[in-house]
Amino acid sequence: MRTSRSITALALSTCAVLALTGCGDGSVPTAEGAETAGHHHGVTTLYGPESELGEGISRTYVVDHEGRPREVGIRMSESVLTGLPYGPDAEMTMLMLDLPAGAPDTGFDHVMLDWNPNGHDPEILYGAPHFDMHFYTTDADREVDPGAPDFAERAARLPDPEYVPEGYIPPPGPPVENTVPFMGMHWTDAADGVISGSFEFTEVLLNGSWDGEFIFIEPMMTREWLAAKPSLREVVKQPSSYQRTGYYPTVYTVDFDEQAGEYVVALSGLTMREAS
């Protein structure tokens, strides 16, 4: 979310989820996220421009295997957790991260990385200091303008059930009220317990929609959880059908690369899917 836009709106964005059936061929490729950069066996790691965060830097990367994408993610130096804006008067930090020049098409357009020093609404769920990482598939986030005359109509248009990732549900209430300006509506996995009340926020993987289409995947994680240098690997839940032909991630990982001294957040196992 951009610093000039409502943090309250961002809060509403995180409480969401809708369900459907699974898809895919059952294969889950291995994540490359914590590997160091380099060239081996036809695999090249390409990096996007560096952006300052805390006392360190963040940047996107893409793992290229002989011209085909295997993984897209964010690498952040260990020192990003030092010197971040903090305290009740601290403002949110928002970075727009470009993907690496010359990388094969991953199915993603850009990444928005936010640091929320005081969390956001609903505070009971997301009040802890945390990072939001929006991997956008298009630049449609710029169209989610509440001042536009067709905003309510487009916000109310949800993806058809066959395009909803398995187990994901939208937030309760009117879509127009749950659509975050310049972001979209955030859906959560029902299994995470956000709606049922059993959710305890350390990390979560969201999906976001706008105007009848999913337009982002969003890892969220607390600073405290990331500082513990976790090792997480989860299967990315799939829909039964796809609106666009392209690559889709099947694995979500968070690791700490000891050799590089970097936190690595990855969407990997990129697999080609045909629109239907």
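The values are calculated or read from the model by the stated rules, or taken from the named source; none is laboratory data. Nothing here was measured: the structure is a model prediction, and the numbers come from that model. We place every Cβ from the backbone using ideal geometry, glycine too, and count neighbours over all the protein chains shown.
Condition first: charged (D, E, K, R) and surrounded by fewer than 16 Cβ atoms within 10 Å (Cβ to Cβ). Now tell me which residues in segment 171-203 satisfy that.
Filtering segment 171-203 for residues charged (D, E, K, R) gives 177, 189, 192, 200, 203.
Scanning segment 171-203 gives E177, E200.
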Are any of the residues in segment 232-241 surrounded by 15 or more Cβ atoms within 10 Å (Cβ to Cβ) and over 18 Å from the mean Cα position of the chain (by Cα)? yes
For E52, all conditions in the list (1) touching a Phe, Trp or Tyr at 6+ places or on another chain (Cβ under 8 Å); (2) outside any loop (DSSP other than H, G, I, E, B); (3) of a type outside the set (A, V, I, L, M) hold save one; what is the number of the exception? (1)
So, in segment 210-260, how many residues would count as being in contact (Cβ under 8 Å) with a residue 12 or more places away in the chain and outside any strand (DSSP E or B)? 24
Against the definition (crowded, with 18+ Cβ neighbours inside 10 Å, in a helix (DSSP H, G or I) and in contact with a Phe, Trp or Tyr (Cβ under 7 Å, 6 or more places away or on another chain)), how does L206 come out, yes or no? no
Mind checking which pairs have a first residue in segment 141-156 that is exposed (fewer than 15 other Cβ atoms within 10 Å of the Cβ) and a second that is of a type in the set (D, E, K, R) and part of a helix (DSSP H, G or I), Cβ under 9 Å, 6 or more apart or different chains? A148/R154
Collect the residues in segment 73-125 that are under 23 Å from E258 (Cα atoms) and of a type in the set (A, V, I, L, M), keeping them in residue-number order. I74, M76, V80, L81, L84, L113
Residues M92, M112, M76: which one is at pLDDT below 95 and of a type in the set (A, V, I, L, M, F, W, C)? M92
